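K.L.:
Let me give you the structure first, and then I'll get to my questions.
Here, each number is a calculation from the coordinates, and none is a lab measurement. Because the structure is a prediction, the values reported are computed rather than measured. Don't worry about glycine lacking a Cβ; one is built from the backbone with ideal geometry, like all the others, and counts go over all protein chains shown.
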């Protein structure tokens with residue numbers, strides 16, 4: 001998990017830095033799309049770290065759920081409903 005967080009952080013940093021370089025080059029070139037690229041870069045500056053944080057939270061919750069299921073004694077595990085032919089309504 002620790003390595004995954006480190007790799008995710010490095011990926012987000014590389015994406016952000018590359019977006020900043022593209023935004024800087026677009027601003028220097030004075031193209032019509034420079035303002036749109038700036039807005040996209042500004043939005044992704046906020047969105048990428050938030051999405052990474054949410055993804056890490058989901059992974060942590062899934063890991064805890066898996067550990068709890070594996071550690072629980074068989075009598076504490078949720079029971080699966082048994083299919084009983086007598087409890088079903090009869091079809092006509």
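K.L.:
For residue 58 and residue 17, compute 0.36 nm times the residue count separating them, minus their Cα-Cα distance, and round to one decimal in nm.
P.N.:
12.2 nm is the gain from fully extending residue 58 to residue 17.
K.L.:
Here's something else I'd like to know. Report the calculated FRET efficiency for residue 42 and residue 3 (r = Cβ-Cβ distance, R0 = 22 Å), to the nearest 0.05.
P.N.:
On the way: r = 30 Å, r/R0 = 1.38.
Given R0 = 22 Å and the Cβ-Cβ separation, E is 0.15.
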